[in-house]
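These notes are about the structure you will find just below.
The values are calculated or read from the model by the stated rules, or taken from the named source; none is laboratory data. Bear in mind the structure is a predicted one, so any value in this text is a computation, not a measurement. Counting neighbours? That spans all protein chains shown, and the Cβs are built from the backbone with ideal geometry, glycine included.
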Amino acid sequence: MAQSTAGSEARGSLHRYELRRKLIWLLFLLPALLIYVRFMALPLFNSLGLSFYQGTGLTPERFVGFDNYIQLFTAPLWRDRFFNALGNTAVFFAIHMLVQNTLGLLFAVLLATGIKGHGLLRTIIFLPATLSVLIIGFLWRLILNPQWGAVNQFLKAIGLEQFALPWLGDPTWALIVISLVSVWQWVGLPTMFYLAGLLTIPEELTEAARVDGASSWQAFWRIKFPLLLPVIGIVAVLTFVGNVNAFDIIYAMAGARGEPAYSTDLLGTFFYRTAIAGEHPVAIPNMGMGAAVATVMFLILLVGVSVWLLLTQRRGAEM
């Protein structure tokens, strides 16, 4: 009987301890939760509600239901600009995935091997990411100037005048050039992610592979790369989210209308013109339509990230 009473008291004490610990966790999480709800969740739902209204000013008052979405996908003024911006955003994202993240992995491998001067190389790679995007954009506009910019002057100096193009004035090249400028600025971030992932892989695994006769290349692709896939997935998600929301680099280098001829217009600049600056030729801000554009962007992000996470989780379960 005494043992049963002691056991009940011990279980009760353990239960009170667990309850007190959960309350302490909740106490620490509550401020962050309140900030998230106030500045993230509520604006998201307000924007969703605003997309069902039309009118002038910051708070349109005329309820129109799904009319904003219907116009966005059917009216020529909105439809053409939206799908053009969506296609440009896809190209922008593809260049970042193929160039930025591939270079980031290459730089991370070089840094992980302890190459001579790796400290200086790490600084050089990451330094552009510490600068303002507007500064980077204006700086590269000067460098790419077709008349006296450093790029064209260099091409002329080495006898390649035929390649001295108006880089930001040619619809064929403008988006590609701006994307590569963005890659140059942000390649340090995936590099740091990949480097952190490589440094967590036990060296004993690669040493065992070398003992079995595997080359450095085989050890990387068959041992390190599969273990790095979760980090690659995180980098891909962050790249996707950042590119869908991209605005500042386009604004700095091509303007809010994505010149030339909307060839560099992304979803971010399209939203800016719709909700804040006013879309040409009307040039009147349309908060209801802007909220509809923002909602569609959120759905694109939600679907894209969900599908990617589902695929990566399924792959992890199979492995």
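Key figures for this structure:
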| item | result |
| --- | --- |
| Filter result (part of a loop (DSSP other than H, G, I, E, B) and modelled with pLDDT of 90 or more) within the range 250-259 | Ala254 |
| Complete set of residues in the range 158-180 that are assigned to a helix (DSSP H, G or I) and either under 15 Å from the mean Cα position of the chain (by Cα) or among the polar types (S, T, N, Q) (or both) | Gln162, Ser179, Leu180 |
| Among the residues listed as Ala112, Ala174, the single one being in the same structural domain as Pro202 (by TED's automatic domain parsing), modelled with pLDDT under 90 and surrounded by 15 or more Cβ atoms within 10 Å (Cβ to Cβ) | Ala112 |
| In the range 90-107, residue farthest from Phe225 (Cα to Cα) [restricted to those that are free of Cβ contacts under 8 Å to residues at least 24 places away in the same chain and among the hydrophobic types (A, V, I, L, M, F, W, C)] | Ala90 |
| 1 or more residues free of Cβ contacts under 8 Å to residues at least 12 places away in the same chain, among the aromatic types (Phe, Trp, Tyr) and over 21 Å from Trp308 (Cβ atoms): qualifying helices (runs of 4 or more DSSP H) within the range 182-249 | 216-219 |
| Pair list, Cβ < 7 Å and 6+ apart or interchain, from the range 154-165 residues that are in contact (Cβ under 8 Å) with a residue 12 or more places away in the chain and on the phi < 0 side of the Ramachandran plot to residues that are outside any loop (DSSP other than H, G, I, E, B) and surrounded by 11 or more Cβ atoms within 10 Å (Cβ to Cβ) | Ala164/Asn152; Ala164/Leu155; Ala164/Lys156 |
| Residue in the range 225-233 that is surrounded by fewer than 16 Cβ atoms within 10 Å (Cβ to Cβ), closer than 20 Å to His96 by Cα, assigned by TED's automatic domain parsing to the domain that holds Phe107 and of a type in the set (Phe, Trp, Tyr) present | yes |
| Any chance Leu120 is surrounded by fewer than 16 Cβ atoms within 10 Å (Cβ to Cβ), in the same structural domain as Val187 (by TED's automatic domain parsing) and closer than 19 Å to Leu238 by Cα | no |
| Residues located in the range 109-157, provided they are under 19 Å from Val181 (Cα atoms) and not in a helix (DSSP H, G or I) | Leu131, Ser132, Leu144, Asn145, Pro146, Trp148, Gly149 |
